[in-house]
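What follows is one structure encoded as structure tokens, with my remarks underneath.
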Amino acid sequence: MEVRINAIHFDISEKLSAFVQKKADRLARRYPSISYFDVNLTLVKAATAMNKEAVVKISVPHHGETVTTKTADTFEEAYDLALEAAERQLEKKTSEK
């Protein structure tokens, strides 16, 4: 499984990168058929609240792609919310077929 992390409008820290990788690995253990995670973390407007956006794209062979976007005060919170939504979508997709 490949995890690609893109930081847009900011420099990503090692701690945030490790956090993203850890959460992705945890979800991959539950859904071993995941081929890749594509994570885009964007700083929308630096001076406002709720300015961190996480876009998570997960590809699962035979089930297509799942894309979720969430915005929050921190990147960790936005990423957690996006992963929860993606997990619900994966659950629906894998139970349908």
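The values are calculated or read from the model by the stated rules, or taken from the named source; none is laboratory data. A quick note: this is a predicted structure, and the numbers were derived from the prediction, not measured. All Cβ positions, even for glycine, are placed from backbone atoms using ideal geometry, and neighbour counts span all protein chains on display. Protein only, heavy atoms only, side chains kept; ligands, DNA and RNA dropped before computing areas. Shrake-Rupley method; radii C 1.70, N 1.55, O 1.52, S 1.80 Å.
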Take the Cα of Arg26, step 7 Å along the line toward its Cβ, and report every residue of the range 62-86 whose backbone nitrogen sits under 15 Å from that point.
76-86
Using a 1.4 Å probe on the protein chains only, how many percent of the accessible area of the chain belongs to carbon and sulfur?
49 percent
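Given only helices, namely DSSP H runs of n ≥ 4 each adding -39500 (n - 2.57), what is the per-residue ellipticity at 222 nm of the chain, to the nearest 500 deg cm²/dmol?
-14000 deg cm²/dmol
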Straight-distance crosslink candidates among lysines, where the alpha carbon sits under 29 Å from Lys45 and sequence neighbours closer than 8 are dropped:
Lys15, Lys22, Lys23, Lys57, Lys70
When only alpha-carbon atoms are used, what values of Rg and Dmax, in angstrom, describe the range 11-54?
13.1, 40
Which translational diffusion coefficient, to the nearest whole µm²/s, is obtained for the chain from the Stokes-Einstein equation, given a Kirkwood hydrodynamic radius over C-alpha pairs, 37 °C and 0.692 mPa s?
242 µm²/s
Cα-based Rg of the range 26-83 per 2.2 N^0.38 Å, rounded to two decimals?
1.24
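Could you do me a favour and compute the accessible area per residue for the chain, 1.4 Å probe, result in Å²?
Each residue of the chain exposes 59 Å² on average to a 1.4 Å probe.
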Estimate the FRET efficiency between Ala49 and Val3 by the formula 1/(1 + (r/R0)^6), using the beta-carbon distance for r and 30 Å for R0, to the nearest 0.05.
0.60
For a protection proxy built on the mean count of beta-carbon atoms within 10 angstrom, sort 8-15, 88-95 highest first, please.
88-95, 8-15
